[in-house]
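The values are calculated or read from the model by the stated rules, or taken from the named source; none is laboratory data. Keep in mind the model is a prediction, meaning the values are calculated, not measured. Methodologically, a virtual Cβ is constructed for each residue, glycine included, from the backbone with ideal geometry; neighbour enumeration extends over all protein chains shown.
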Amino acid sequence: MKKPLLFCSLIGALTACQHESDIQPNTSSLAGEAVGTYRTNFYLDPSYATLSQSQMPYVELKQESDSNVTLLLTRQYPASETQVIPHVLLQRKANGVELRIANTRVGTLQTDRVFTSNGMEKQGQLLRLTAQDSSVSEFIGVKQ
């Protein structure tokens, strides 16, 4: 009678000492999720079909705070130029993240089906910038 009781006590003690594996909340910031480099290709934007991959525009998002980023839009063709837009506000929406400048929506960031530069389809972060005014140029790209 003592051996089964001792065995059950040992199993109970080992089970009680296991590392807790509960799901923990994600503590990363919204800007921390969005930062990175976003590149386009002619599958995402056919208007760049005549350009080589090195001439394609790209966007970098650099973190300022938990919900603000600096947007750097670099164009290589016809001349190399970088448009810097600081203090872009990120707001979580039901279908992704919205990018705003001075209460004006300038783009979205969402997980979607994307095409890589060699034509393969995969799941990825898709950044769309829309030109509602002259503050930002149109762009569509996937996070690298």
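Among the residues that make up the range 85-94, is at least one of them part of a loop (DSSP other than H, G, I, E, B), in contact with a strand residue (DSSP E or B) (Cβ under 9 Å, 6 or more places away or on another chain), farther than 20 Å from residue 44 by Cβ and of a type outside the set (A, V, I, L, M, F, W, C)?
no
Within the range 95-144, can you find the residues that are of a type in the set (Ser, Thr, Tyr), out of contact with any helix residue (DSSP H, G or I) (no Cβ under 9 Å at 6 or more places or on another chain) and not in a strand (DSSP E or B)?
The answer is 116, 130, 134, 135, 137.
Just one of 111, 104, 74 is farther than 14 Å from residue 38 by Cα and among the polar types (S, T, N, Q); which is it?
Residue meeting the stated conditions: 104.
Report the residue count in the range 2-54 for those that are modelled with pLDDT under 75 and either β-branched (Val, Ile, Thr) or at positive phi (or both).
3
Does the range 113-131 contain any residue that is among the small types (Gly, Ala, Ser), surrounded by fewer than 13 Cβ atoms within 10 Å (Cβ to Cβ) and closer than 19 Å to residue 40 by Cβ?
yes
Which one is farthest from residue 109 (Cα to Cα), of the residues in the range 31-77 that are of a type in the set (D, E, K, R) and not in a loop (DSSP other than H, G, I, E, B)?
Only one residue tops the list, namely 75.
Would you confirm whether any residue within the range 66-81 is among the acidic types (Asp, Glu), farther than 13 Å from residue 31 by Cβ and exposed (fewer than 14 other Cβ atoms within 10 Å of the Cβ)?
Checked the range 66-81: at least one residue is among the acidic types (Asp, Glu), farther than 13 Å from residue 31 by Cβ and exposed (fewer than 14 other Cβ atoms within 10 Å of the Cβ).
What's the total number of residues in the range 45-63 that are under 16 Å from the mean Cα position of the chain (by Cα) and closer than 12 Å to residue 140 by Cα?
2
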